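Asks: This is the structure, below, for whatever I ask next.
The values are calculated or read from the model by the stated rules, or taken from the named source; none is laboratory data. Predicted model, so just to flag it, every value in this text is computed and none were measured. Note that each Cβ is placed from the backbone with ideal geometry, even for glycine, and that neighbours are counted across all protein chains shown. SASA here: full protein model, heavy atoms, side chains in, ligands and nucleic acids out. Shrake-Rupley method; radii C 1.70, N 1.55, O 1.52, S 1.80 Å.
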Amino acid sequence: MTNKNNVVFSTGYTQIRTKQDIRYLFYALQTTPFVNRILALSTGTSYPAISSSKLANASLLVPIIDEQSKVGLSIFKIDSLIAANEDKLNQLKKLKKYLMQNMFV
């Protein structure tokens, strides 16, 4: 998950079953154009929702499965690198804080 602060948990959800590459689909469903199309089909203001039939009729262009796999894996690897670098950055910030608190004592 790329943004841990942008998460919604709900008891109302629709399951998606597919024969497409799951990594590709995971990223494709998060794109701004797709999300905007789904929001436009949603009803409700404080808690927008979409019916499973409307969601089932929403279109998403997908390449052949081999390309989906390559794209999905590439984006996954990039996300993994970002997460690893964020972890390293947090460790370095903690080290800096520790050094700043203890160097000039």
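Asks: Quick check: at a probe of 1.4 Å, how many percent of the accessible area of the stretch 24-105 sits on carbon and sulfur atoms?
Replies: 64
Asks: Also, I was wondering about something else. Give me the tail of P(r) for the chain as a percent: Cα-Cα pairs with distance above 24 Å.
Replies: 45
Asks: A follow-up question, please. Just to confirm the number: angle between the C-alpha axis of helix 32-41 and the first principal axis of the chain, 0 to 90 degrees, nearest 10?
Replies: Taking Cα atoms only, the helix is inclined about 50 degrees.
Asks: Of the candidates L25, L73, L92, which one comes out as most mobile in a Gaussian network treatment of the chain with C-alpha springs shorter than 10 Å?
Replies: So, out of L25, L73, L92, the one fluctuating most is L92.
Asks: Between helix 65-103 and the chain, what is the angle of the helix's C-alpha long axis to the longest principal axis, kept within 0 to 90° and rounded to the nearest 10?
Replies: 30
Asks: At most 16 other Cβ atoms within 10 Å plus a DSSP loop assignment makes a site exposed; report the longest stretch of the chain without any exposed trypsin sites (Lys or Arg not before Pro).
Replies: 20-105
Asks: While we're on this one: Per residue, how much accessible surface does the stretch 37-105 expose to a 1.4 Å probe? Answer in Å², no decimals.
Replies: With all protein chains present, the stretch 37-105 gives 84 Å² per residue.
Asks: Just tell me the longest site-free run in the chain, where the sites are chymotrypsin sites (Phe, Trp or Tyr not before Pro) in a DSSP loop having at most 15 other beta-carbon atoms within 10 Å.
Replies: Between exposed loop sites, the widest span is 14-103.
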